[in-house]
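Everything on this sheet refers to the single structure shown next.
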Amino acid sequence: MAATNTPTSTTTPGAAPPPAQRPPRRSFMFFVWTSLIGALVLIALYTLFMLWWSYSEGERAGVLQKFSKRGWVCKTYEGELAMYVVGGVAPQIWNFSVRDDVVAEHLFKAVGQQVRLTYSEHPGLPTNCFGETDYFIDKVEIVNAPAPIAPSSGTSAAPTAPVDRVPPAAAPEQTLPGNPLGGPPSPSAVPQGQAPPT
């Protein structure tokens, strides 16, 4: 009768099982790239939120003194608005930025004119590629320049119309009675104390 070979266990009873294989350790560069991508995503979301949310909105009027497109890397539209408060006093300069090309085209044509600008303020942007200032123009309107105001001295007097001076009427020539023919009057008609005319 042939003998059969039965597999025998190599583990001895009571021995500890072999340790499980550990997953491969992630490299240091994996953590670097993950952190970098996460930071870029957070910055992008923050920038979009700051562009959508505005801190303040309003209007300002003045003379459009300067408007240009400048920048070393990011070219942005920048302008200056001169706001005159009182005649004879230096104007207040207000700097603003423009993101819309259509609005920028209207502003280029309005340089040197009286304009009214509608703006929105977006503070806290992480880069200057959107504009060098926090004020972004949404609408521009050209208005007529106000009439100049003459300085007053404190007393207002209404102008009077010139009065034509009429020379006084000449007194009528007096004729002395006593001579109807127009000759020299008789001595009796001359008042006492007055010599008769010759």
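The values are calculated or read from the model by the stated rules, or taken from the named source; none is laboratory data. On a predicted model such as this, the values are computed, not experimentally measured, just so you know. Cβ atoms come from the backbone with ideal geometry, glycine included; neighbour counts cover every protein chain shown.
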- Search result, residues across the range 72-107 that are aromatic (F, W, Y) and exposed (fewer than 14 other Cβ atoms within 10 Å of the Cβ): W72
- Where a residue in the range 86-102 is within 21 Å of F136 (Cα to Cα) and free of Cβ contacts under 8 Å to residues at least 24 places away in the same chain and its partner, wherever it lies, is of a type in the set (F, W, Y) and in a strand (DSSP E or B), with Cβ under 9 Å and at least six apart: D101/Y77
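Is it the case that the range 22-34 has a residue that's modelled with pLDDT of 95 or more, surrounded by 10 or more Cβ atoms within 10 Å (Cβ to Cβ), among the hydrophobic types (A, V, I, L, M, F, W, C) and not in a loop (DSSP other than H, G, I, E, B)?
no
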- Item | Selection count where residues are surrounded by 15 or more Cβ atoms within 10 Å (Cβ to Cβ), in a strand (DSSP E or B) and not hydroxyl-bearing (S, T, Y), scope the range 108-124 | 3
